[in-house]
Amino acid sequence: MTMTAREVEQIILEIAPRENGNEGDPTGLLYGDPDAEVTGIATTWTPTVLVLQQAAAQGLNFVLTHEEPWFATARSSWFATMPQDERPHNIARKDIVDRHDMVICRCHSNWDGTEGGVADSIAQVLQLGEPVHRSHFVRMYALSPRTLAELADHTKARLGVPQVRVAGDLARVVEKVGIAYGGLAQTFGYVDEFIMNGADAIICGEAIDYSIRAAIDADLGLIETSHVGSENPGMRRFAQLLAQRMPAMPVSFIDAGHPWAFR
């Protein structure tokens, strides 16, 4: 039985409905022929050149990404910018997609807060149990008492990330932790919901300096795991769900990885 890209998209949107996402967030099929026959599905955090090459080598022509596939252009008074279609990073990605007749589909905020999605998947991997506070995108958990250092070591091991950054007193005892996966900690406003619900510490994805200092000055410990490391569990989970729904379809999670080394 063959399936078109449009039919696969429908299954994806049944798992993570558009209405669960933020208004205006690009969702669903973004590039390629909706009527193309799907030979296999790759799920990934972001479709880098290496990810696309791996998908092509495995014969997977439907790529489900969490992040947007192209680096968009926005004018800046700080530096010169290039048109989106002239950026070499976009050209390199599109060249692979076009040569292999790939289709790009995206699930982002529609998958983040959906039950079993990105927010819940990282907590499951970290073995945090059931949340004591839950909103659409935020989760908080009660822990057996442990130090911030012990929680950082546990987080690093369970997520399989090469390094974590830890801010705050490493000897502090933590009993209530919040999750700010992905890029939520790229703004300092993210700490408010955790403060209001009595968190001792936050496990986040990617944080900027401002947001780390906001957490410290609010007397919260912080463990930064990386954007990709915190959202990989959700995209692995999506691959599992698609394999269950389409047992005859090849489905594979491809890790975009951490493109840096520590010296």
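The values are calculated or read from the model by the stated rules, or taken from the named source; none is laboratory data. It should be emphasised that the depicted structure is a prediction, and the values quoted were computed from it without experimental measurement. Here the Cβ is made from the backbone with ideal geometry for all residues, glycine too, and neighbour counts use every protein chain on show.
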Enumeration of residues in segment 213-236 that are buried (at least 20 other Cβ atoms within 10 Å of the Cβ) and assigned to a helix (DSSP H, G or I):
A214, A215, H227, V228, G229, S230, E231, N232, P233, G234, M235
In segment 163-175, is there at least one residue being over 19 Å from H133 (Cα atoms), buried (at least 16 other Cβ atoms within 10 Å of the Cβ), touching a Lys or Arg at 6+ places or on another chain (Cβ under 6 Å) and touching a residue at least 24 places away in the same chain (Cβ under 8 Å)?
yes
For segment 187-209, what are the residues that are surrounded by fewer than 17 Cβ atoms within 10 Å (Cβ to Cβ) and either among the basic types (K, R) or at pLDDT 95 or above (or both)?
D192, I195, M196, N197, G198, I208, D209
Within segment 16-34, can you find the residues that are at negative phi and surrounded by fewer than 18 Cβ atoms within 10 Å (Cβ to Cβ)?
P17, R18, E19, N22, E23, D25, P26, L30, Y31, D33, P34
Screening A92, A171, A123 for residues that are in a helix (DSSP H, G or I), under 28 Å from A261 (Cα atoms) and out of contact with any Phe, Trp or Tyr (no Cβ under 8 Å at 6 or more places or on another chain) leaves only A92
Suppose we filter N90, N61 for residues that are without any contact (Cβ under 8 Å) to a residue 24 or more places away in the chain, crowded, with 17+ Cβ neighbours inside 10 Å and outside the structural domain of I202 (by TED's automatic domain parsing); which single one remains?
N90
Which one of the conditions (1) aliphatic (A, V, I, L, M); (2) under 21 Å from L128 (Cβ atoms); (3) out of contact with any Pro (no Cβ under 6 Å at 6 or more places or on another chain) does M246 fail to meet, given that it meets all the rest?
(2)
